Every structure is written in structure tokens, then in C-alpha cells.
Ligand code: AMP
Ligand code: GLY
């Protein structure tokens, strides 16, 4: 098959490598891809949010299947558009993508179907906010309703903070919506749980934990993710049953009740408190950097799994996993998640990786045949192995060899799983 893979992050490089390894793949086009995907696929410089232009390229390159990596095109309806134009595409439709695109949609669904989640109120104005403040304790979580690129959530410790952030949302700081959600703060351990879903069933496609804060000891501002590891030891059979029965099944049932079914990856973001799962958020895609630690552990052909989902035959496929563990550390440009410089040369020529190690590119591109940085999160140094401690030491060795003077990384990725050993 000729495949188009939409996106340009570490997640897409990890997916691209799996597709590259598949016997079913003929040619892969990454739209737009990065310098890493360019080594194993052809990058196309096409704006994937311009659906009409995208369609022209898809037809020109005789693409048999489009796989969508990031959330924005899904929320904007890329699946509906391509299907209408008779192009085979993997991902949820626009209605189902509201699971990520609208927090008020998810919270209302949770209420209707009794899905465990933090107590909340959907607010349309500052009066609604003030009412919530009279009856709830701090901290309070304030969330912009629509997509906000990870910047639309604030954990507030005073009335003043809640009112300030709420006013920013109401005045249109996050353009997609002026509604907001106030939530009770849940204290527990966060975990990312992944499924691949078709019209009839769903299959487990990995668990992971990521580190969102920029600084060691979980300090500093939120980022897209500074590192991750898989599997997440907090997930056990008993907990998994609760996640499926109390959260996933009612959600898929709710979509079906609206004559909509879900096809694609589903990221269930959870807070675990006393072995009880609470839904924090859904994402309608794989996580980044979680995908980078899940793909290296996957033994079944990814394209075979995606095809099974598109044919509603996931229930007939057994997905196999390596027993190895995997961890990734993100090498970022200095200054991230604030201002950082781009176009800084990175020299990977001397780096020889063995079969258990990968460097997934994120913000990289080729400029005059040199590899340069083009984003805040630049490389994902990823290693598989038997213990997280050994894996992390291997990651450090690779980062030392790369010796990129413009970068920084967190040295404590996986502290939960390494400290307890
Ligand atoms: P969200 O965009 O909803 O995933 O929120 C971003 C991050 O904020 C989550 O990954 C959590 O770390 C944190 N968070 C969100 N909601 C809550 C909550 N109700 N209680 C505690 N932490 C939360
Ligand atoms: N790692 C968090 C996310 O992909 O949203």
C-alpha cells in the first residue's frame, strides 16, 4: 500500500518506522514529516489543514491509506472530508473527535453516563465561576473548553488566580471557545492508557506514563512532554477492568447512541486514586512522547492492526507485545517551553545505534544538507531493555555522544519506576 502519514513529531517518526517495517507497505509519504522520517520515507511539504490541496497530493501520489497523527486535523474534520472524497483514512470522524476537541462535550457525557471524573461546572460567564467558588476547595482546575495546544489548563490556589485565568478565557485568549470548565483537583498518579477502536470492538495498544513539567522533580511550566516510559506498572488487571467497564464502554456507547462510531487510536488520560480510575481527558490520537515508547514494544505489524480496525475485525487479531521495557527522553532546545532558537546544527553522524535504541526526531529539518533544529522538542532518545535503570543509563550515554550544546533534557525521567526498584 502507498501510505500518507499526517504530522511531523516524534510520534509520527515512531509510527513511520513501524510502517516502514511492514511487509504490506509499498511507499510512505510523510506530510510534512521531519528530518528523521525523510530517512525512511518521502516528506511532502503540503499544508495538511488545507484539505483541498491535500486531496490533490493524495490523488497525485496514488495514496491508498491516510493515517492521521495529530489532533487538529481530526477535530477540523479531515476524516469526514477524505471519506466524502472516497479516500481511505484512519482516525475518528469530526463528531467523535469532540472527545478531545471539547472538554464540555466530554464532561456532559461523563455526567449522563455516570463515568468517574473530577466534579465540575461548565461556565459561560464570570457569575457561573463565582458560584462554583463559594462551594469548592482549592486547588481548583480551570480549563478552556476547546483545543489550546496544552496551554489551556491552570491549577489555581486562590480565587484571584481562578478569576484571572477565567477572564482570559472569556476574553477569547483560546480562540476555539469562550466557555470554560472548573474542576475539582484530583490527587493521584496519572497514567496514559491506549486503545485502538473499530465499530465492533477495541484492543489494548499500550500503557505509558509521561512527564509534562519542564523541570526535574515535576517543577516548572507544562510542556508537550519531556519523556515517557512503557509499560506503566500502575496498570493491573483489576484496574483495567474498571477502566474498560466504567469509562471506555459507556463512552463508546454514548457515541453509538448519537449514530456515531469511533475508529482510530483512543488515548484515555487517567488519574488513579486508591486503585480507582478517574477520567482526566480523552485524546483522539496516540500520545507524544508515549507513542515513542509503545511502538518499539509492539511485535504485531502495525499496518495489519490498522487495516483490521478499518475492516472492523480487531476482535479477530491478537496483538503481540515484547516483554521488554522502553523509555524515551526528550532533548529540547534551550529555553523551551518559552522562547528558543531554531536552525542550530545537530551532528548525529558519529552516533551508531544498536537494535534496541532509536532516535526519533521531532523538531528537526534538513537545511543545506545539514541536520538542524526546527522546534522546541527536538529529539527523542529511546531505548528498550530489561530494567528502567539500565535503559536510562543507556539514554544518558547516547545524549552525551550527541553532545548538542543548544539542548537540555530531564535526568529524572522514570523516577517513579526507578526509585521503587
Ligand atoms: P488536560 O488538558 O485536561 O489533560 O489537563 C492537563 C493536565 O492538567 C493533566 O495532564 C493533569 O496533569 C492536570 N489536570 C487536569 N485536570 C486535573 C484534575 N481535575 N485534577 C488534577 N490534575 C488535573
Ligand atoms: N503526552 C501528552 C499528549 O500527547 O497529549
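Here, each number is a calculation from the coordinates, and none is a lab measurement. As the structure is a prediction and not an experimental result, all values here were calculated from the model. In this analysis, Cβ positions are derived from the backbone assuming ideal geometry, glycine residues included, and neighbour counts consider all displayed protein chains.
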task: Rounded to whole Å and sorted largest first, list the principal axis extents of the Cα atoms in region 46-94.
output: 25, 19, 17
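Using the count of nearby Cβ atoms within 10 Å as a rough guide to exposure, how do 328, 263 rank from fewest to most?
Ordered from fewest to most neighbouring Cβ atoms within 10 Å, 328, 263 come out as 263, 328.
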query: Hey, could you pull the Cα Rg and Dmax for region 255-358, both in Å?
result: 18.7, 56
statement: Per its Cα gyration tensor (rounded if a/c is under 1.5, else prolate when a/b beats b/c, else oblate), region 281-327 is best filed as oblate
- prompt: Which distance in Å, rounded to a whole number, links the C-alpha centroids of region 224-282 and region 128-160?
  reply: 23
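Which order, highest average first, do 349-356, 120-127 follow once you tally other Cβ atoms within 10 Å for each residue and take the mean per peptide?
Working: 349-356: 9.4, 120-127: 15.2.
Ranking, from highest mean packing down: 120-127, 349-356.
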message: Please give the Cα centre distance for region 37-82 versus region 302-339, rounded to the nearest Å.
response: 19
- prompt: Hey, fewest Cβ within 10 Å first, where do 305, 31, 247 land in order?
  reply: 305, 247, 31
query: Any idea how far the Cα center of region 189-218 sits from the one of region 374-421, in Å?
result: 19
- prompt: On alpha-carbon atoms, Rg over Rh for the chain using Kirkwood Rh?
  reply: 0.95
query: Taking a ≥ b ≥ c as the square roots of the eigenvalues of the Cα gyration tensor of region 34-146, is the shape rounded (a/c under 1.5), prolate (a/b larger than b/c) or oblate?
result: prolate
Cα gyration tensor category, rounded, prolate or oblate, for region 228-293 with a/c compared to 1.5: oblate
message: Taking just the alpha-carbon atoms of region 1-100, what radius of gyration and Dmax come out, in angstrom?
response: 12.5, 36
- prompt: Hey, what number do you get for the chain at 222 nm if only DSSP H runs of n ≥ 4 count, each worth -39500 (n - 2.57), divided across all residues, to the nearest 500?
  reply: -8000 deg cm²/dmol
statement: From fewest to most C-beta neighbours within 10 Å, the residues 189, 400, 12, 290 line up as 400, 189, 290, 12
- line: For region 352-421, the Debye formula with one identical point scatterer on each Cα and no solvent gives log10 I(q)/I(0) at q = 0.15, 0.17, 0.29 Å⁻¹ as -0.56, -0.70, -1.41
message: How long are the semi-axes of the equivalent ellipsoid of region 302-421, taking √(5λ) for every eigenvalue λ of the Cα gyration tensor, in whole Å from largest down?
response: 30, 21, 14
- line: Rg (one decimal) and Dmax (whole number) from the Cα set of region 136-244, in Å, equal 16.8, 48
